[in-house]
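Notes follow once the structure below has been shown.
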Amino acid sequence: GHMYASQNKDSMALASFERARELNPTGVDVLGALNSYYKNKGDMLNYVATARQLFARPEVSLDTKASFFREITADRNLYRDYYGAVKDLAEILYKAYPGEKEAIDIYADVHFAKGEKEEGIQVYKDNLTLDPPNKEVFNQVIGMETALQRTDSVDKYTALALEKFPDDAELYQQRASSRTYLKRYKEAAEDYRSALKYATSDSMRSVILCS
């Protein structure tokens, strides 16, 4: 197929790919080659369609799919023009790899790209009950709530995080900063003391003392 494609013999190239798929209908290599062919020809509709087939294949790793997704979405025109299809790819990953941070990030990002801020944040909130818990997911929620200056939510989700990670100096420091901003100095001082107590290195203690 690639030989005919390089010679601009599209009908012969496609026929060659189809023969290869008939001989090996489950072959990921053939599907990947066809996907590359559509990309090189600028046939974005079929490029995204074959990407969807690849994403549905469990033998293709999450890392490979995630890299492919980042490549697709790096083309902002493609992202805009085929947003529905791109979002479908993200949903496939999110459902196929529950609890995987990479899949969570990708699914949240497609919401953010559409301006759906609350929906994107909710994706992370929906994964706060993972077992085992993922601190990075808590950090995402706390960071976004902090950026939105929703201090009650920062308190709420930091408290939830500390239930899961009671010895985490970073979480105490984050809440101390938020409480300082609110002029809740007594509570902030308690959190700073806890942060220093659980700090695991001199550099971390220095950051806490300078904050």
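The values are calculated or read from the model by the stated rules, or taken from the named source; none is laboratory data. Fair warning: this is a prediction, and the values are worked out from it, not measured in the lab. All Cβ positions, glycine included, derive from the backbone under ideal geometry; neighbour counts span all protein chains shown. All accessible areas refer to the heavy atoms of the entire protein, side chains included, with ligands and DNA or RNA removed. Shrake-Rupley method; radii C 1.70, N 1.55, O 1.52, S 1.80 Å.
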Original post:
Can you list the lysines whose alpha carbon sits under 17 Å from that of K65, skipping same-chain ones fewer than 8 residues off?
Top reply: K39, K87, K95, K101
Subject >> Net lengthening on full extension, E187/D63 (0.36 nm per residue, minus Cα-Cα) >> reply: 40.4 nm
Original post:
So what is the calculated 222 nm ellipticity per residue for the chain, using -39500 (n - 2.57) for each DSSP H run with n of 4 or more, over all residues, to the nearest 500 deg cm²/dmol?
Top reply: -24000 deg cm²/dmol
Subject >> FRET efficiency for E71 and V28, using Cβ-Cβ distance with R0 set to 22 Å, rounded to 0.05 >> reply: 0.85
Subject >> Projected label distance in nm at N40 and R80, using a 7 Å step from Cα toward the beta-carbon >> reply: 2.9 nm
**OP:** Would you indicate which of (1) 1, 8, 17, 22, 23, 17, 8, 3, 1, 0, 0; (2) 1, 7, 13, 13, 13, 11, 9, 9, 7, 6, 4, 4, 3, 1, 0, 0; (3) 1, 6, 12, 15, 16, 14, 11, 9, 7, 5, 2, 1, 0 is the value of P(r) over Cα pairs in 5 Å bins from 0, in percent derived from the coordinates of this structure?
**Re:** (2)
Subject >> segment 109-144 residues near the modelled A96 label - backbone nitrogen below 20 Å, point 7 Å along Cα→Cβ >> reply: 109-111
Subject >> Net charge over other residues, Cβ less than 11 angstrom from the Cβ of E71 (K, R count +1; D, E count -1) >> reply: +2
Original post:
With every protein chain present, what is the per residue accessible area of the chain (1.4 Å probe, Å²)?
Top reply: 56 Å²
